[in-house]
Every structure is written in structure tokens, then in C-alpha cells.
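The values are calculated or read from the model by the stated rules, or taken from the named source; none is laboratory data. None of the values given here were measured: they were computed from a predicted structure. Note that each Cβ is placed from the backbone with ideal geometry, even for glycine, and that neighbours are counted across all protein chains shown.
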Amino acid sequence: MMKLSSIFRKKTKTPGAERAEPETDVFQGTAKKRVSLARSRVAFVTVAFVAVYAIIGGRLVHYSLAKEDGTVARAAVPLTLARRPDIVDRNGAIMATDVRMMSLYADPSMITSADDVLESLKPIFPDLDVARAYRLLNSKGEFVWLKRQITPKQQSQVLAAGVPGVGFRPEVRRFYPGGPEAAHILGLVDIDNRGLSGIERYMDQSDGISGLMGLGLTGSMGLEPFEVSLDLRAESIVRETLMRGVKKFEALGATGIILDADTGEVVALASYPDFDPNNPPPASDERMLNHAITGVYEMGSTFKLFTLAMGLESGKFNLQSMVDAKTPLYFGSSRIGDDHAQNRILTYPEVFTYSSNIGASRIAGAVGPDYQKSFLEKLGLLEKIDTEIGGSGTPQKPQKWGGVFSATVSFGQGITTTPLQTAAAAAAIVNGGKLFPPTFLPRTPEEADRIATRVISEETSDKMRYLLRLNGTDGSGRNGQVPGYRVGAKTGTAEKIIDGKYAHDHNFNAFLAAFPMDDPRYVVLVTIDDPKKVEGVPGRTAAWNAGPMTGEIIRRTAPLLGVDPDFGADGDALLASY
């Protein structure tokens, strides 16, 4: 068969020559039409694509310039959130963290009827301030908050209701997993997640978090957790013990402190009644007051710990000294006597174990008012102390020293101080004589030594540990004992001042303890305000309420804090050495 191209090249006339030229024209015309059609289609598709993308681009420009539609939920909009670092305890347990929330806003310019909007929102938000919301919806602005930090259910209800002119913006809310645990220490934040009190406020100021939040930088930062010195387990035990004690003894309130004797770190601190920072009461509410730091009280006979240490440190007394307590002391019309009067000369340890007001007064008189005042100043008991959480109360002291004023101060009357100051001073008495400013932040022993102030000698501290242990086994501290932990203790029962007079039937009780007494690791102080005498309990003094509460705290927290019990030879080699 001949090729088609060969036929078209032939010039000789053949029977089919007349048809050769027309066939070539037909073929070429058909090819041109197909090429033209293909080009037309490509051009059409190209134009269509350009048109579509031009429309999309135009709409994007339009949306960027136009006012936002208030009906669109803003959950997907990448807004910068003002985040805060987590707060964690010494073991890494979270005590405060941020959770993502939605808040409801409105664009008044997009709303035609405020009444219709409120009619739709009121069933969803029964606590909505209708008058305020109505005023905002009728304002001339383009953005107003209607409800901050709403629940997912409320958000879905608003979406289902199709309320015009409103939308949502993502925010963060501070959440405290433990509720009221350590509430007075952690503090509060405002609606914009900025610290108002406690560690929250300190963190903003010390780490500059507040400034970063204001610049909108914290939302994208990898914020390291903020560690505090508290042990959340011990904090929970202290709070639970206070709650039960207040209920059992029908008291007005109570405080509890565990202080590391070697560093000044606050391991646990609670004041009850307290509050839930997730839903705090008004600032004026009594529950907001941290009585362990802000409250100042007459600490009663716990002050004899400082008075007897003062006598030993002055060099005027030793453990073999004898103190005359045969008869009461008189200063004009003022009489000083003993609740458990022995009416005889007491040994120095007996002044402590019998809690003799007469003996303490004679020791104060022997060292003199100037030395007494100076000694208490060194212990940090006469001036306001500073801590990271602020709010410390200001102690009240005598306007002049000497005479009856020095005498009453020696047994904790006529002078007030905070429980935290008392615990810090007691730690210095038992730890070898070093006073550490109390802190709510981690502190190593090396860091503590650099800022320590020596207030008594190691020899005096050693002797005071002996007296505390002796009072724990043979004196008023027996009800705070825990087998295996060699607890040293001193009670304090102070009469409350009501209507300007001491009320004999209203007490403020304190129980001060340290353990283990051969090498004290921790100081524990429990106070209870106005406890009642209850059935089955012989009395209402500190030995019968604050004492057992302290023992319960030590029994439950000591194993958690790494203090092993020692049951060998009843653990009283310290007593045998004197």
C-alpha cells in the first residue's frame, strides 16, 4: 500500500488526480479548527481561573478593610493570651495554673435591638447585670464585654440561640486545683489574670511577668513553673487538722505553721477559716485575713522559751541556777502569780516545766529591761517582718521597759507578735542559734547561712533543746508527743482582751514544738482562738486543744518530710546528758 504523503506529491495525472487537491484542503482545515478550538478552551479556562482568584482576592481585601462581623465566634482567631507561669510546690505538684476559657463580647454597632439580645441571653446567664448590659449594648463603641470567662455549655447555648452582634474571644483563667489549700499564700489574680496578692503578686513584681503580660508577650513564651517552698501534702494535713480542731472545740479560728529549722523555709502555713481562690469572697470578708501572718497576738507562755534562753545567754543563769518562786510578785497594784504555784524555790528547768510566771519575771528582772528589749529585737519579735506574700502584722510592745512591763513580757503578756515571727524565733533557739528570715521560696542551707544572724550561742541552744524536750516528756507538752520523734514543746495560754480587760473565760492558745530534739529539723506552731471546753476533754488550755492538734500534724507529716522515727532506748539520750 502506498503512503498517503506519496500520493500528495504526485504531479502526474491519474484517474484520482482530480481529487488529490481537495482532500488536502479538507485535512488542513480540520486541523486548524481543532487547534483553534483547543486554544480557545485554554484561554477560557485561564480567564476563568484569573477571574475566580481575582474575586477571592477582592473579597479578602474587603474583609480586611471591613468591620468585623460580631456574629462570628472568635475561637479560631489567633489572639495573644495573657498567660501566667504555673505555681508548683517543692515536689513539683501544681498549685496554680491557667485554663483556656471563652468570654462573650458584643459589637453595639451591629445590634439593632438591645432588648432582643438581652431576652436571648438572660436565660443563659441568670446572673447577668441586665441594666449594665443594656447600657453597654446601646453605647457607641464597637466592642464591649458582656460576660467574662463563660463555660463551654454557655458558649454552645449562645451559638444555638443565634444571638446577633455577639461573639467570643479566648482568654485564660487562673485555676487552683487545691481550692482553699494554701489560698492565703498563693493569693489572687484579677479578671485580666494579673496578680493581686500573695505569691501571685510577688511573682508579677519579681519576675516582671506583669510587664510582659501588658506587652502581650507571655502567650507565646515557654514560661517555667514558679516553685515555692511549700509541701502540698503537709499543707493539706495542716489545714485539715485546723478544720477539725475548730469544729471540735467550737473555736473562732486556728493557724498552723511548719518551718524548716535549718533554712527558714515555710513548709506549710494555714489560717482557718479560709476561702476558695477559684471563687473568692469580697476583700472585706473575714476569711480573707491570714491570721498566721497578719494577726498579732499575745502568745502567752510560749514566750518563756525566749525568756529562759535570754537568762542563759546573759550569763547570769545556768541550768543549775535556783529561782525564788515562793510568793507572788507585786508591782504597785499589779500582782503576778503562778497558775500551778509550787510556793518554793525552783530549779531553772522547773521554771520552764511548771511554766512559772514568777520565775520568768525574776529572770527578766535580773538581766534588766535594756538587755531584754535588745534580746527580743535580735529575735525579730518587736518589728514587722517582710515576706514574699506581704501583709505582715506589726507587733505591739510596751511603750517603756522595766518594772511590771518587763515582768509581764517575760511570760508573753503585754506584747503581741505574729505566729510566723514566733515560729521563726523559736527555730533560732533550737537550731544552734541562727535566725533565718522566713521565706516562701526554696532556700538551700548554704543560702540560709549567708543571710543568717546569730542570736544565741550554740551552747545556749543546746541547753534550750534540753528544756523543750524535758517539758515535752514531763511538763505541759506531753499531749503533743508522737512516739519515735522526740518532740520538744512549750504551751501558751493567753487570756484574750475583751472590752479593754482580760477575760478569764476566753483564751488564745498556742503550742510550740520542734522535732527531733537531738537535731531539730522542723518547728511546728499551732494556735487556736477562743476554744471551748468540750465533753471528754479535761480543760480548755493549750495542752488540751492546740497540743493534740500539733501532735496530729507531726504524726502525719514527719514521714512525708523525710524524718524517720527512732524507737531505740526511748530516744532520750539528750535528757540523760544533763
Sole miss for GLY295 among (1) touching a Phe, Trp or Tyr at 6+ places or on another chain (Cβ under 9 Å); (2) surrounded by 14 or more Cβ atoms within 10 Å (Cβ to Cβ); (3) assigned to a loop (DSSP other than H, G, I, E, B) is condition (1)
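Is it fair to say SER301 is crowded, with 17+ Cβ neighbours inside 10 Å and of a type outside the set (Lys, Arg)?
yes
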Filtering region 522-543 for residues that are buried (at least 18 other Cβ atoms within 10 Å of the Cβ) and farther than 23 Å from ASN290 by Cβ leaves a count of 3
When residues of region 121-161 are limited to those that are part of a helix (DSSP H, G or I) and charged (D, E, K, R), the one nearest to MET110 (Cα to Cα): ARG135
For residues that are modelled with pLDDT under 95 and assigned to a helix (DSSP H, G or I), scanning just region 216-253, find the one that is farthest from GLU388 (Cα to Cα). SER220
Members of region 264-284 that are closer than 14 Å to GLY253 by Cα and either in a loop (DSSP other than H, G, I, E, B) or of a type in the set (Asp, Glu) (or both): PRO273, ASP274, PHE275
Could we say that GLY568 is farther than 21 Å from GLY245 by Cβ and either surrounded by fewer than 24 Cβ atoms within 10 Å (Cβ to Cβ) or in contact (Cβ under 8 Å) with a residue 40 or more places away in the chain (or both) here? yes
Is it the case that some residue within region 474-497 is among the small types (Gly, Ala, Ser), closer than 28 Å to PRO273 by Cα and in a helix (DSSP H, G or I)? yes
So ARG556 fits all but one of (1) at pLDDT 95 or above; (2) in contact with a Gly (Cβ under 7 Å, 6 or more places away or on another chain); (3) not in a strand (DSSP E or B); what number is the exception? (2)
Pick from region 86-118, criterion surrounded by fewer than 16 Cβ atoms within 10 Å (Cβ to Cβ) and of a type in the set (Val, Ile, Thr), ranking: nearest to HIS184 (Cα to Cα): ILE94
Yes or no: region 125-144 includes at least one residue that is out of contact with any helix residue (DSSP H, G or I) (no Cβ under 9 Å at 6 or more places or on another chain) and surrounded by 13 or more Cβ atoms within 10 Å (Cβ to Cβ). no
Given the structure, is ALA510 of a type outside the set (S, T, N, Q), closer than 19 Å to ASP339 by Cβ, in contact (Cβ under 8 Å) with a residue 24 or more places away in the chain and assigned to a helix (DSSP H, G or I)? no
When you scan region 424-447, do you find a residue that is within 23 Å of ALA270 (Cα to Cα), modelled with pLDDT of 95 or more, among the acidic types (Asp, Glu) and assigned by TED's automatic domain parsing to the domain that holds PHE317, even just one? no
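Of GLN413, GLN399, which residue is crowded, with 19+ Cβ neighbours inside 10 Å and either among the hydrophobic types (A, V, I, L, M, F, W, C) or over 18 Å from ASP518 (Cα atoms) (or both)?
Matching residue, one of GLN413, GLN399: GLN413.
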